[in-house]
Amino acid sequence: MSQTVTAVQAPQALGRIDGHTNFATQEFVVTSGVTVNEGDFVKLSSGKVTNASMAGARIVGMALGTATGNAGGTITVLVCIDPNMRYLIKTAGSNFASTTVGQYYDLSTASTIDQTSASATTGGLVLLATGDQTIPNSPVIGIQGANTAAYGIFKVVENFQNGPN
């Protein structure tokens, strides 16, 4: 099995680490006045999901649809909450180097990695491979487009289910 993605897309779920195609999802109410876009990472705020101020946040997961919350609290969005999901995410800074695999990062926005947050021990996501690498013993993931090293393959490690790593 192989997968090819275009390097100009928003973050994308690439499938589970163990290769399974089924993954956990849950519907959440969207914060009033907030538009959550498909591919955005979201966090909980007052019991509802939002994509605002993601730096250092405990991630709920990735939105699988687009929705704008209303005052009545009746608008929901489906979110991938599977702790074993891998994601393709672009950096807001310089390219990833193969030596940064295993580093932990936080999000700078709902859809980009903050490279200044790189840490050997803490962060919301861990870099599994750079966009120009493949993960050993995993399906081949090819990335088409310019500057594939600006993309990384990540797994969420600090989330609302598990807390900090």
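The values are calculated or read from the model by the stated rules, or taken from the named source; none is laboratory data. Since we're looking at a predicted model, the values are computed, not measured. As a convention, Cβ positions derive from the backbone with ideal geometry for all residues, glycine included, and neighbour counts pool all protein chains shown. Side chains are part of the model used for accessible areas, which takes the heavy atoms of the whole protein and leaves out ligands, DNA and RNA. Shrake-Rupley method; radii C 1.70, N 1.55, O 1.52, S 1.80 Å.
Below are the figures for this structure:
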item	result
Meets criteria (open to solvent by 10 Å² or more (accessible area, probe 1.4 Å) and over 12 Å from the mean Cα position of the chain (by Cα)) for Ala129	no
Any hit, the range 26-37, residues being open to solvent by less than 20 Å² (accessible area, probe 1.4 Å) and free of Cβ contacts under 8 Å to residues at least 40 places away in the same chain	no
Residues located in the range 38-47, provided they are buried (at least 19 other Cβ atoms within 10 Å of the Cβ) and more than 10 Å from Val79 (Cα to Cα)	Lys43
Within the range 95-112, tally of residues that are surrounded by 18 or more Cβ atoms within 10 Å (Cβ to Cβ), modelled with pLDDT of 90 or more and part of a loop (DSSP other than H, G, I, E, B)	1
Residue check, Gly65 in contact with a strand residue (DSSP E or B) (Cβ under 9 Å, 6 or more places away or on another chain), open to solvent by less than 30 Å² (accessible area, probe 1.4 Å), on the phi > 0 side of the Ramachandran plot and not in a strand (DSSP E or B)	no
Residues within the range 115-131 that are at pLDDT below 85 and closer than 16 Å to Pro11 by Cα, tallied	4
Condition met for Thr21 (over 16 Å from the mean Cα position of the chain (by Cα), open to solvent by 30 Å² or more (accessible area, probe 1.4 Å) and touching a residue at least 12 places away in the same chain (Cβ under 8 Å))	no
Test: Thr116 is more than 26 Å from His20 (Cβ to Cβ), over 16 Å from the mean Cα position of the chain (by Cα) and outside any loop (DSSP other than H, G, I, E, B)	yes
Flag for Thr134 being modelled with pLDDT under 80, open to solvent by 60 Å² or more (accessible area, probe 1.4 Å) and not aromatic (Phe, Trp, Tyr)	yes
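Residue by residue, here is whether (1) under 11 Å from the mean Cα position of the chain (by Cα); (2) in a loop (DSSP other than H, G, I, E, B); (3) over 25 Å from Ala118 (Cβ atoms); (4) at pLDDT below 95 holds:
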{"residue": "Gly39", "(1), (2), (3), (4)": "yes, yes, no, yes"}
{"residue": "Val42", "(1), (2), (3), (4)": "yes, no, no, no"}
{"residue": "Val49", "(1), (2), (3), (4)": "no, no, yes, no"}
{"residue": "Ala52", "(1), (2), (3), (4)": "no, yes, no, yes"}
{"residue": "Ala55", "(1), (2), (3), (4)": "no, yes, no, yes"}
{"residue": "Ala71", "(1), (2), (3), (4)": "no, yes, yes, no"}
{"residue": "Thr74", "(1), (2), (3), (4)": "no, yes, yes, no"}
{"residue": "Leu88", "(1), (2), (3), (4)": "yes, no, no, yes"}
{"residue": "Gly93", "(1), (2), (3), (4)": "no, yes, no, yes"}
